[in-house]
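Note sheet for the following structure.
The values are calculated or read from the model by the stated rules, or taken from the named source; none is laboratory data. Values in this document were obtained by computation on a predicted structure and should not be read as measured data. Note that each Cβ is placed from the backbone with ideal geometry, even for glycine, and that neighbours are counted across all protein chains shown.
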Amino acid sequence: HRRRALRAFVQFVRVYHEYYDILVGCLRKTDLSKWPAVFEAAGNPLVIFDECLETGRFATAAHLLRVLQLPVSLGYGLDDAATPEAQTLQEQAALTSAKRAARRLLPLVLRAHQFTLSQELLRFMEMMDGEISPE
């Protein structure tokens with residue numbers, strides 16, 4: 001019942017201009033264990049990120065980077081990693097995905113003269129550099 005209700009809610013909210021802001025805001029406040037159900041209803045977070053870029057929702061895309069940096073955003077379950085090594089690989093994959101997304105977002109933000117957001121993205125990318133090994 002809950003998944004059906006979640007899908008209905010997503011379909012209802014999707015028609016509003018604020019859909020992406022609502023979705024990302026809810027994700028960031030939702031327990032990680034519930035994210036797979038949200039992604040099932042709303043779609044792949046990387047696709048949502050792309051849609052934010054296409055529609056000029058750069059601040060929302062930047063908030064979504066925090067979602068993308070977690071393994072669950074790539075479809076890994078919270079207990080999928082059978083070993084610490086597998087967990088580390090999943091974490092690295094998610095961090096790399098988020099960093100690539102940030103690299104795509106930064107030039108768009110600069111072209112839009114959103115310099116405060118640009119600074120935040122640069123700080124985020126610098127933090128990411130400290131957490132992941134070179135690609």
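Taking region 89-118, which residues are free of Cβ contacts under 8 Å to residues at least 12 places away in the same chain, surrounded by 12 or more Cβ atoms within 10 Å (Cβ to Cβ) and either touching a helix residue (DSSP H, G or I) at 6+ places or on another chain (Cβ under 7 Å) or not hydrophobic (A, V, I, L, M, F, W, C) (or both)? Across region 89-118, the qualifying residues are R100, L110. Just to be sure before I move on: is S97 assigned to a helix (DSSP H, G or I), under 20 Å from E131 (Cα atoms) and polar (S, T, N, Q) in the structure I sent? For S97, the condition - assigned to a helix (DSSP H, G or I), under 20 Å from E131 (Cα atoms) and polar (S, T, N, Q) - is met. Checking each residue in region 2-46 for being within 17 Å of the chain's Cα centre (by Cα), among the aromatic types (F, W, Y) and farther than 13 Å from S73 by Cβ picks out Y19, Y20.
Across region 68-94, what is the number of residues that are farther than 17 Å from L27 by Cβ and not in a helix (DSSP H, G or I)? Quick ask: steps written out before the conclusion?
So in region 68-94, the residues farther than 17 Å from L27 by Cβ come out as 79-93.
Checking which are not in a helix (DSSP H, G or I) leaves us with 79-83.
Result for region 68-94: 5.
The number of residues in region 9-34 that are more than 16 Å from A61 (Cβ to Cβ) and buried (at least 18 other Cβ atoms within 10 Å of the Cβ) comes to 1.
Report, by residue number, each residue of region 80-98 that is in contact with an Asp or Glu (Cβ under 8 Å, 6 or more places away or on another chain) and at pLDDT 90 or above. Within region 80-98, L95, T96 qualify. With a requirement of 1 or more residues that are within 24 Å of L108 (Cα to Cα), in contact with a helix residue (DSSP H, G or I) (Cβ under 7 Å, 6 or more places away or on another chain) and of a type in the set (V, I, T), the helices (runs of 4 or more DSSP H) lying completely within region 15-67 that satisfy it span 19-29, 45-54.
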